[in-house]
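The values are calculated or read from the model by the stated rules, or taken from the named source; none is laboratory data. Values in this document were obtained by computation on a predicted structure and should not be read as measured data. Cβ atoms come from the backbone with ideal geometry, glycine included; neighbour counts cover every protein chain shown. Just the protein is used for accessible areas: all its heavy atoms, side chains included, with ligands, DNA and RNA removed. Shrake-Rupley method; radii C 1.70, N 1.55, O 1.52, S 1.80 Å.
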Amino acid sequence: IRIAALKKFCKNIIMLIIPAIDLKDQKVVRYTKGKLNKKVYSADPVSTALEWQRQGARLLHLVDLDGAMTGREKNIRVIGNIIKAIRIPAEVGGGIRSLEAARKTLERGAKRVILGTRAIEDPDFLKKAITNFGRDKIILGLDASGEKIGLQGWKKSFKIGLSAFLWNLRQNRLKTVIYTDISRDGTLGGIDLKNVKRVLKASPFKVIVSGGISSLADIRKLRRLKNKNLEGVIIGKALYENRFTLKEAIKAGR
């Protein structure tokens with residue numbers, strides 16, 4: 001009976017398929033490994049968001065790349081317009097390095113905010129954010145290449161390795177982390193399943209995986225892990241390059 005119940009539980013684990021909308025100069029773009037080699041996919045981010053909603057997205061991943069690189073949010077108005085236009089929730093990140101910035105983002109309608117550089121360098125800031133807004137409203141974004149955690153839009157590396165950093169966070173009230181594989185992001189090179197397994201094993205939190213998804217097979221590989229801590233996967237370039245549709249991705253993730 002217990003084995004049957006466990007199989008049923010694993011089968012019903014939901015893995016969210018989350019389309020990414022990366023914003024640079026108020027346009028939808030994609031980068032490769034965070035380098036300044038952007039490709040513009042749309043000058044109308046609101047229409048892009050509405051299209052992902054139409055195709056069945058249950059959550060959108062919005063990133064202010066200007067904010068991530070400079071520490072100052074520069075696509076606030078566009079993000080606000082997207083949130084007003086859609087009926088589904090959105091998580092928002094990029095340059096949110098103060099409690100005031102986090103508060104304003106949530107007040108604009110974001111379901112949750114993604115904290116990166118400041119929260120990694122300053123554990124007290126992360127704790128204060130969770131205390132002020134609740135653990136359901138705060139996500140920690142961990143961008144890494146192997147064990148190296150990237151900061152400031154991937155311009156520098158953190159002094160502590162990824163596995164050790166996750167271990168140090170175990171007593172934190174954090175609920176969810178986004179793990180982005182910098183070495184794969186935007187490359188369409190396929191997901192590094194070994195690294196994903198390592199992060200899932202090290203993390204006591206829910207994990208959203210990002211970086212390198214290139215095919216429906218990548219999504220199926222993640223789904224077959226049947227890991228209760230795998231909350232979802234963020235997909236960007238593969239969708240914009242029409243490798244598959246969002247509807248197909250959602251079906252593959254079931």
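Taking R0 as 25 Å, what FRET efficiency do you get between ALA217 and LYS156 from their Cβ-Cβ distance, rounded to the nearest 0.05? The calculated FRET efficiency here is 0.15.
Which whole number in µm²/s is D for region 119-254 by Stokes-Einstein, with the Kirkwood Rh taken over Cα pairs at 37 °C and 0.692 mPa s?
Details: Rh = 15.5 Å.
In µm²/s, the coefficient is 212.
Note on PHE244: accessible area approximately 10 square angstrom, rounded to 10, probe 1.4 Å, nucleic acids and ligands left out. If the cut-off is a Cα-Cα distance under 16 Å, which lysines reach LYS24, setting aside same-chain residues fewer than 8 apart in sequence? Within the straight-line limit of under 16 Å, LYS24 reaches these lysines: LYS33, LYS35, LYS38, LYS39, LYS74, LYS237. As a calculated quantity, the FRET efficiency between GLN55 and GLN171 at R0 = 30 Å, using C-beta atoms, amounts to about 0.15.
Computing FRET efficiency as 1/(1 + (r/R0)^6) for ASN132 and LYS228, where r is the C-beta to C-beta distance and R0 is 41 Å, gives about 0.90.
Taking each of LYS128/LYS221; LYS111/LYS251; LYS175/LYS251 in turn, the alpha-carbon distance tops 31 angstrom for LYS128/LYS221.
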